[in-house]
Amino acid sequence: MAATAPCGSGAEETGSEAAAGKPGGTSFQRKGPRAGGLDRGGSRLVSIAGTRPSVRNGQLLVSTGLPALDQLLGGGLAVGTVLLIEEDKYDIYSPLLFKYFLAEGIISGHTLLVASAKEDPADILQELPAPLLDNHCKKEFDEDSCNDKTPESNIEMKIAWRYQLLPKMQAGPVSSSRFGHYYDVSKRIPQELIEASKWYGFFLPEKLSSSLPAEPCYLTHGYLKLLQFIQSIIYEDGFDGTNPQKKQKNILRIGIQNLGSPLWGDDICCTENCDNNHNLTKFLYVLRGLLRNSLSACIITVPSHLIQNKAVIARVANLSDTVVGLESFMGSEKETNPLYKDYHGLIHIRKIPRLNNLTGDISDVKDLAFKLKRKLFTIELELKKERKDFIMPSVTPSE
Amino acid sequence: KRRPSPSAFSRAVCPPVALPDSVQWEGRSLLKALIKNAALRGDQVHVLGCEVSEEEFREGFEPDVNSRLVYHDLFKDPLNWSKTGEALPGGPLGALRALCGRTQPGPVTIALDSLSWLLFHLPCTTLCQLLHALSHQNACPDGSSPVERVHVLGLIHEELHGPGPVGALSSLAQAEVTLSGMLDQTSAHIVNRRLRQRPTQQTQWFSILPDFSLHLHRVPAREPRPCPPTTQVDPTAHLTFNLHLSKKEKEAKDSLTLPFQFSSEKQQALLRPGPGQSTSQIFYEPDAYDDLDQEDPDDDLDI
């Protein structure tokens, strides 16, 4: 797996190896790579900008652009894996997560590959959120939280006063600017950052119009073109290690929007039992092979609420490594439910990968809700407030 | 008494508007009203007619509206059997592609009557891609002309299709107008999905006059009564023990001093440790039973 290639087994300085190597064998284990171990493997553990090894299993991780989501996924997204976002019904919030991912790539200096059938990738890049620098972060947070402070939240706790200052879910701004940044959704990313970055765009209508009408093949024409495009970029830019001139390793961040929608030529959203039910699953299978062999991470948004066949949804989730589902309250009966009045939707972490492990890093928290504030997208524990409609089972009197 | 709600799927305008309708609430008159609106606004209107004949469609429009209406007829001879050369070349696919490749300047409105007919003759994915291309044909190859407004209106009969195609088409639409109503009044439930903003929903009652102008109503007099609020069950009602506190008991509870409840200065000092506090501090707060004797007890030792 490519994820372990740069930090091969010999260079895993975390944990037990360090302890066993020392004379006198202490059981204290240091988490994190040792600075001294860098020279041992030559260029194998050269640290790539914007990545860090996981504290649990040393897997190389990249940030998804949203530190709260990184925390829920166990530190970040592993290099060589796919993050699948199941879109919400009106496709309001999934483009946000998509843009956070791409913006994080630009800030970290990674190469981007943006594929879409609906919008031109250049337009998508123009709309990325602006990064918040560290010294402005705290100010933005305080301002944001002050704006929607309700009277109830101002009540100081009488008994549990020590917990007053603890944040609800996500940590504050990270002090080091190397992994996980904060973004201001109300502002656009500065133009010079986009121009300084390297990116490739794949806009399906352009690619299809220039080609001849396709003869039927094993995969939808659009998917085939996209896979060929990704493969060519990986090969030319040396993300799979074939190009020996590459001295500075970098990560390729791939973003594919609305995969499976009819605009890609796939009709799983239109009919339940079609002949080409397997196009999307074949695409994901081949994509996963490409990713595992290269230093890349991919985010895909899929309109799973439109897919008619439930089996296809299950297969698509199985073929992806990490699956996050967004459910917005807009238009559903939950919009008027008093439990949910502070939030805009629920976020479901459906699957976390088990990479080189026997167990995945599944958090115990299942009730997560998100809220899009003016500048920030926050994920919080959904606090179950006092339920006024609590129905008690009938109690018979004691006599 | 509520009728089953139909959905008129009107695709609107750039991005498309979908007008779903059903057997009970006919959507074509709303489509014609919107077309008339567009024509009077100065747009050039192209109509791809598939379900009714041209004469029937043009009926009821004023002459100036009719002059701005360019009718592409797919009703008379959709499969080009008569071979007179009158039919549109390429069938429905060719007609749509021709509309996509239109290069005339000026704002334009394209009305598709109906999307249901097109869905039966074209694969759904092709139709979605063509509709997307129709509404996004702003970019010219040379980039010289400014961005033109293209409005696409589509009528779809929701009952004829399963949830799949309707859902797929509505995900492309910027506004979706569902027709329903009560007795003899029609309402339109509009979901407006502007780009990059939260969608809005609203319900608008309207009626269409014989000359196809749109008359918007306020909320009609007879509205269905809202269902009465369900009574809330009080869980403390039938217990064998007392959960309520009297006023005196509440006061006593509030004034009780809790064991780890410190004074507010001590709380603040513990919550926010100061910069120079590397060593721990000792806070002494005398209890009610503490005996504060200021004398040094070692004074009387004889050393």
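General remarks:
- The amide H of A:VAL185, built 1.01 Å from its N in the peptide plane, has A:LEU376 as neighbours under 5 Å, considering only residues 5 or more places off or on other chains.
- Site pair A:PHE229 and B:LYS266 shows an inter-label distance of 6.7 nm when each label is modelled 7 Å from Cα along Cα→Cβ.
- Here the 3J(HN,Hα) profile of the stretch B:238-243, calculated from phi with Karplus coefficients 6.51, -1.76 and 1.60 at θ = phi - 60°, is 10, 9, 8, 10, 9, 9 Hz, Gly and Pro shown as x.
- Theoretical FRET efficiency, 1/(1+(r/R0)^6), r = Cβ-Cβ of B:GLU285 and A:LEU381, R0 35 Å, to 0.05: 0.50
- Protein heavy-atom accessible area occluded, A/B pair - total, 1.4 Å probe, Å²: 3000
- Between B:ILE110 and B:HIS46, B:HIS151, B:VAL152, B:LEU153, the built amide H atoms are under 5 Å apart, and every one of these is 5 or more places off in sequence or on another chain.
- Residues in the stretch A:101-121 reached by a label modelled at A:LEU193 [backbone nitrogen below 18 Å; 7 Å Cα→Cβ]: A:101-114
- Separation in nanometres of the label points that stand 7 Å from Cα toward Cβ, at A:THR281 and A:SER186: 4.7
- Whole-Hz Karplus values for the stretch B:206-213 come out as 8, 9, 10, 7, x, 8, 6, 9 Hz, taken residue by residue from phi with 6.51 cos²θ - 1.76 cosθ + 1.60 and θ = phi - 60°; glycine and proline positions read x.
- Prolate/oblate/rounded call for the stretch A:248-384, Cα gyration tensor, a/c under 1.5 rounded: oblate
- The residues packed around A:SER320, meaning those with a beta-carbon under 15 Å from its beta-carbon, carry a net charge of +4 if Lys and Arg are +1 and Asp and Glu are -1.
- Per residue of B:163-173, other chain Cβ atoms within 10 Å of the residue Cβ number 6 on average.
- Each peptide in A:52-62, A:289-299, B:157-167 was scored by the mean count of other Cβ atoms within 10 Å over its residues; highest first, the order is A:289-299, A:52-62, B:157-167.
- In Hz, Karplus ³J(HN,Hα) per residue of the stretch A:260-272 (6.51, -1.76, 1.60; θ = phi - 60°; x = Gly, Pro): x, 7, x, 5, 8, x, 9, 10, 6, 8, 9, 10, 8
- For the residue pairs A:LYS341/A:LYS375; A:LYS89/B:LYS36; A:LYS118/A:LYS334; A:LYS118/A:LYS373; A:LYS99/A:LYS334; A:LYS89/A:LYS341, alpha carbon separations beyond 21 Å are given by A:LYS89/B:LYS36; A:LYS118/A:LYS334; A:LYS118/A:LYS373; A:LYS99/A:LYS334.
- Within the shell defined by Cβ-Cβ distances under 14 Å, the residues around B:ASP64 carry a net charge of +1, with Lys and Arg each +1 and Asp and Glu each -1.
- Near A:SER294, the amide H atoms lying under 5 Å from its own belong to A:ALA2; only residues 5 or more places off or on other chains count, and H is placed 1.01 Å from N.
The values are calculated or read from the model by the stated rules, or taken from the named source; none is laboratory data. Note that this is a predicted model, so its numbers are computed, not measured. Quick reminder, even Gly has a Cβ in these numbers, built from the backbone with ideal geometry, and neighbours come from all protein chains shown. SASA here: full protein model, heavy atoms, side chains in, ligands and nucleic acids out. Shrake-Rupley method; radii C 1.70, N 1.55, O 1.52, S 1.80 Å.
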